[in-house]
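Read-outs: derived from the displayed coordinates by stated rules, not from any lab. In this text the structure is predicted, and so the values were computed from the model without any measurement. Reconstructed Cβ throughout: ideal geometry from the backbone, glycine too, with neighbour counts over all protein chains shown.
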Amino acid sequence: MTSAKSKYLLTSAGDLGLEQLICLSELLDDDSTRVLGEIAQPGWRCLDVGSGLGTVANWLAERTGDVVAVDLHPDHIRSRPGLEVRRHDIRDGAPGGPFDLIHVRMVLLHLSEREEVLRQLIDSLKPGGWLVDSEFIGPPLQVVAETEPGDGELFNEVVGMCCNRIGVASGISYTWAEEVDSQLVAAGLAEVRSRRFEQTFTGGDAGGRLFRCYIDQLETRLLAEGITAAELARFRDVVLDPRFRAWMFTNVVSMGRKP
Ligand SMILES: C[S@@+](CC[C@H](N)C(=O)[O-])C[C@H]1O[C@@H](n2cnc3c(N)ncnc32)[C@H](O)[C@@H]1O
């Protein structure tokens, strides 16, 4: 792996990081456990990469009894029997393998080294082992109901700025979600398939609160990009207002099995 590593734009540390992880868990755990529930078997050795809150790692540990959960900030991961938690940068390799199942959710899109990390993860699978990667497709997001005329436009302007300007400049890829399927085929995996999960959110629920976390973490950069403090204040009100409704980022879950 290259010595000059990219920097993870957001942080899972602190209250803001914790709230972000709670929102992701509320939004995505049903999708993840639905897919993993069709694959994971008792006795399997598993790796959960960038576990965040660790809810999926805990679910996997209950199902399989043998999970390693790694994260740059593993402090929020609740430990339980069958789950080993490690503070670890996945760009330094997959510790504790080989694995029957590796699960990655909302991590590789953040890493400019994503293709190399994916290759290393596949190398760490046992023959017959599964890789499952879950990633967001980026904006624009369709607004279903505005609070006031113009709020939908403001919402997409700010989200677009977070993703397409600040995120992309930091090495995030919002097209990666749609590339993973082909990457898994190119890496020689079998039984490759992808599923899209789509849902709306309502201001104040996990989706709205997630956007609030994003702009709180990126506020300084958003102001530097020309978004005004008044626009950010309005954005905060909008995503917490139950009259505002919009589609969340599409969650693409791709999987494949090592021959
Ligand atoms: C967007 S959060 C997703 C958390 C969790 N997978 C989920 O979907 O709820 C990304 C997580 O990956 C972790 N992370 C980022 N870069 C990492 C790296 N290089 N190695 C290990 N973990 C990393 C972050 O600390 C954070 O907890």
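About the centre of its Cα atoms, the stretch 14-257 shows a dipole size close to 520 debye [charges on the beta carbon of Lys, Arg (+1) and Asp, Glu (-1) only; nearest 20 debye]. For the stretch 14-257, the alpha carbon convex hull comes to 112 Å³ per residue, rounded to a whole number. Taking each DSSP H run with n ≥ 4 as -39500 (n - 2.57) and averaging over every residue of the chain yields -11500 deg cm²/dmol at 222 nm. Between the alpha-carbon centres of the stretch 11-89 and the stretch 92-133 there is a gap of 14 Å.
Projecting the Cα positions of Leu154, Gly171, Pro98 onto the charge dipole of the stretch 14-257 (unit charges on Cβ atoms of Lys, Arg, Asp and Glu, taken about the Cα centre) puts Pro98 furthest along the positive direction. Computed from Cα atoms, the angle from the helix 176-186 axis to the main principal axis of the chain rounds to 20 degrees. Note on the stretch 14-257: dipole from Cβ charges, positive end direction compared against Val144, Val238, Ala206; the farthest Cα belongs to Ala206. Sorting the Cα pairs of the stretch 95-160 by distance into bins of 5 Å, from 0 upward, gives 4, 14, 18, 15, 11, 8, 8, 9, 8, 4, 2, 0 percent per bin. Bridgeable lysines around Lys126 (alpha carbons under 17 Å apart, same-chain partners fewer than 8 residues away excluded): Lys258.
For Glu179, what is the net charge nearby, where nearby means another residue's Cβ is under 12 Å from its Cβ and Lys, Arg count +1, Asp, Glu -1? The answer is -4.
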